[in-house]
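K.L.:
Here you go, one structure.
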Amino acid sequence: ICNDEALSLLDSLYSESEDWTGAARTLERRLEATVSASVRLGLLTRLAELEANKLERWVAATSRFEEVLVSRPDDLDVLRHLSSLYEITQQWDSLVETLVSRARLVDSTEEFCALTMAAAEAAQSRVKDVDRAAELASSVLQREPNNVFALRLRARLLSDSESTAEALEAWDSLLPQLTESSERIEALMMLGGLQLRLGNSARALSAFRDTL
């Protein structure tokens, strides 16, 4: 029996007994002994999944999935794993770009919009990159002009800028589309605040009253 066959059997035994540390150590030895690029990618993927799902070795798993991604840049499973790991390890820039990569690869408009909005929200709240968030929200609106999530993010971004008139228009047009009470309250509070910014205290008071 050759060395790789012995290691493969050992790997199986460790996995069956749920000795994940032993299984990981065996996979590492198989990686060191392997010369085949395709076999190496398979072992790397298995080891990364084991480290992520069983051993909680987030940094090591991330590094291995990133190595796989170099050879398989369009592998949605690897990108999904990396999205989760980047969130766990708080690598927000990488999370944004990975979500964008996933959005580029999916077929449905619904999936594209959901992934792109997740990237936009991370860009806004985590990376603090307002321009990137606005760009991503705009790409969603190009696909779905009435996407409420993108419209709301755009309105928030305008509110944070000096574009008070544009922000007012954005919230005003969005309000009739909002059905959740919490969403309507947010919109009305934003409208009231923007009216105050313009010195329109009567209109601000009216908006605030509508929240009650």
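K.L.:
Counting only protein heavy atoms, what percent of the accessible surface of the stretch 137-212 is carbon or sulfur at a 1.4 Å probe?
P.N.:
Within the stretch 137-212, the accessible surface is 50 percent carbon and sulfur.
K.L.:
Taking Rh as the Kirkwood radius computed over C-alpha pairs, what is the Stokes-Einstein D of the chain at 25 °C in a medium of viscosity 0.890 mPa s, expressed in µm² per second?
P.N.:
Value of D from the Cα-based Kirkwood radius: 121 µm²/s.
K.L.:
Give me the 1.4 Å probe accessible area per residue for the stretch 71-144, excluding ligands and nucleic acids, in Å².
P.N.:
53
K.L.:
Taking 22 Å as R0, compute the FRET efficiency from the Cβ-Cβ separation of residue 135 and residue 172 and round it to 0.05.
P.N.:
0.40
K.L.:
Over the stretch 157-212, with the other protein chains present, what is the accessible area per residue in square angstrom, probe 1.4 angstrom?
P.N.:
Working: 3420 Å² over 56 residues.
For the stretch 157-212, the per-residue accessible area is 61 Å².
K.L.:
What is the helix-to-structure angle for 76-88, meaning the angle in degrees between its Cα long axis and the longest Cα principal axis of the chain, kept from 0 to 90 and rounded to the nearest 10?
P.N.:
70
K.L.:
In the chain, which longest range has no GluC sites (Glu not before Pro) that are both DSSP loop (not H, G, I, E or B) and surrounded by at most 13 other Cβ atoms within 10 Å?
P.N.:
Of all site-free stretches, the longest is 57-161.
The values are calculated or read from the model by the stated rules, or taken from the named source; none is laboratory data. What you see is a predicted model, and the numbers here were worked out from it, not measured in a lab. Methodologically, a virtual Cβ is constructed for each residue, glycine included, from the backbone with ideal geometry; neighbour enumeration extends over all protein chains shown. All accessible areas refer to the heavy atoms of the entire protein, side chains included, with ligands and DNA or RNA removed. Shrake-Rupley method; radii C 1.70, N 1.55, O 1.52, S 1.80 Å.
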